[in-house]
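First up is the structure itself, then whatever we jot down about it.
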């Protein structure tokens with residue numbers, strides 16, 4: 001009986017590995033139209049008797065302003081072009097800083113792995129799967145693809161996923177035409193797009209927008225991402 005259980009467990013494990021690798025390979029080429037997080041947000045909105053419409057428009061990387069790409073990197077993960085999915089310096093700083101509220105240290109790659117392949121939560125199992133999928137996409141996708149997917153699936157306003165949907169909804173123009181400041185404003189709400197507003201920015205959002213603009217200049221502008 002024990003050997004049989006071990007054999008079944010091994011088959012399940014191998015099936016998971018094969019399915020997950022195929023899944024990641026397919027999404028290297030196919031647009032990500034829906035994610036588990038989008039579904040969970042729709043369910044949450046339904047339970048709260050709120051508008052359940054999801055705003056999402058996929059656009060390839062070439063049709064998105066590079067100011068938008070630079071803004072999210074400057075805001076969320078400045079070492080993105082150089083790391084292999086995990087920024088261990090930021091993880092160490094987050095663990096050792098004396099703060100009332102722990103700050104996040106997730107890279108863009110980790111956020112893509114979490115949003116595209118997993119549910120949101122804080123369990124050890126989910127964090128382990130997040131690390132696994134982060135490694136997979138770093139190995140099987142290019143950095144450009146990872147950033148492209150992030151720009152298309154991250155929530156950038158309440159029920160608004162991706163920079164194209166955010167740009168159309170809040171600026172009435174495509175993401176390809178975003179200015180540096182507009183891109184920075186969108187990136188500024190990423191820590192909490194449900195609470196923070198692009199249309200009616202708080203003092204914090206305005207301050208963070210200006211900080212992101214300065215960091216974009218510090219990184220050297222669009223050329224920082226030219227070699228992705």
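Remarks
- Counted residues, the range 117-126 - those being touching a helix residue (DSSP H, G or I) at 6+ places or on another chain (Cβ under 9 Å) and without any contact (Cβ under 8 Å) to a residue 40 or more places away in the chain: 2
- Qualifying residues in the range 175-197 (those that are over 17 Å from the mean Cα position of the chain (by Cα) and at pLDDT 95 or above) - the one surrounded by the fewest Cβ atoms within 10 Å (Cβ to Cβ): 177
- Elements of type helices (runs of 4 or more DSSP H) contained in the range 132-228, each with 3 or more residues being closer than 21 Å to residue 78 by Cβ and in contact (Cβ under 8 Å) with a residue 60 or more places away in the chain: 143-153, 180-188, 203-218
- Residue 21 vs. criteria in a helix (DSSP H, G or I), modelled with pLDDT of 90 or more and closer than 22 Å to residue 194 by Cβ: no
- If you go through the range 110-131 and keep only what is at pLDDT 90 or above and part of a loop (DSSP other than H, G, I, E, B), you end up with just 118.
- Conditions (1) under 22 Å from residue 57 (Cβ atoms); (2) out of contact with any strand residue (DSSP E or B) (no Cβ under 7 Å at 6 or more places or on another chain); number of the one not met by residue 134: (1)
- Scope the range 64-94; condition more than 14 Å from the chain's Cα centre (by Cα), under 25 Å from residue 136 (Cβ atoms) and not in a loop (DSSP other than H, G, I, E, B); matching residues: 88, 89, 90, 91, 92, 94
The values are calculated or read from the model by the stated rules, or taken from the named source; none is laboratory data. Just so you know, these numbers come straight off a predicted model, no measurement behind them. When we count neighbours, we look across all protein chains shown, and the Cβ atoms used for this are built from the backbone with ideal geometry, even at glycine.
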